[in-house]
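To keep things clear, I will list the structure first and then write my remarks on it.
The values are calculated or read from the model by the stated rules, or taken from the named source; none is laboratory data. Note that the coordinates shown come from a computational prediction; the quantities given were computed from them, not determined experimentally. All Cβ positions, even for glycine, are placed from backbone atoms using ideal geometry, and neighbour counts span all protein chains on display. We work out accessible area using only protein heavy atoms, side chains counted, and drop any ligands, DNA or RNA first. Shrake-Rupley method; radii C 1.70, N 1.55, O 1.52, S 1.80 Å.
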Amino acid sequence: WNSGKARDSLKWFAERGHPQIIAGYYDHGLDNLRKWNDAAKGVPKVTGFMYTTWSNKYDQLEAYSKALLGEK
């Protein structure tokens, strides 16, 4: 939730031994997802990402997974 300090937040929880899954909400766009993905690189205990939807919208799922893989 602290996207202004994504890396600091991830490191803070990792330093306390918490495993983390980043739940990217598609409405915030793929640039936000890429920012979190970059922030998570090298941070221990970040085990993955999940696609989050509050209204059963899965039309961005493929673009989301491609963004995580570094594809356009």
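PRE reach from Ser65 (point 7 Å along Cα→Cβ): which of the stretch 31-53 fall under 15 Å by backbone N?
49-52
Dipole of the chain (Lys/Arg Cβ +1, Asp/Glu Cβ -1, origin at the Cα centre): which of Gly4, Gly42, Ala63 lies farthest to the positive side?
Gly42
With charges only on Cβ, +1 for K and R and -1 for D and E, what is the dipole size of the chain about its Cα centre, in debye, rounded to 20?
Approximately 260 debye in magnitude.
What list of ³J(HN,Hα) couplings, whole Hz, do you get for the stretch 49-56 from phi and the Karplus terms 6.51, -1.76, 1.60, once you set θ to phi - 60° and write x for glycine and proline?
Each residue's phi maps through the Karplus curve to give 10, 9, 7, 10, 9, 9, 9, 6 Hz.
Over the chain, with a single point scatterer placed on each C-alpha, what log10 of the ratio I(q)/I(0) does the Debye formula yield at q = 0.14, 0.17, 0.20 1/Å?
One equal scatterer on each Cα of the chain leads to -0.42, -0.61, -0.82.
Using label points projected 7 Å from each Cα along Cα→Cβ, tell me how many nm separate Lys57 and Trp12, to one decimal.
Modelled inter-label distance: 2.9 nm.
If I take every Cα pair under 8 Å that is 6 or more residues apart in the chain, average their sequence separation and divide by the length, what percent do I get for the relative contact order?
Averaging sequence separation for qualifying contacts and normalising by length gives 36 percent for the chain.
In what sequence, largest accessible area first, do Trp12, Trp54, Trp36 appear using a 1.4 Å probe?
Trp54, Trp12, Trp36
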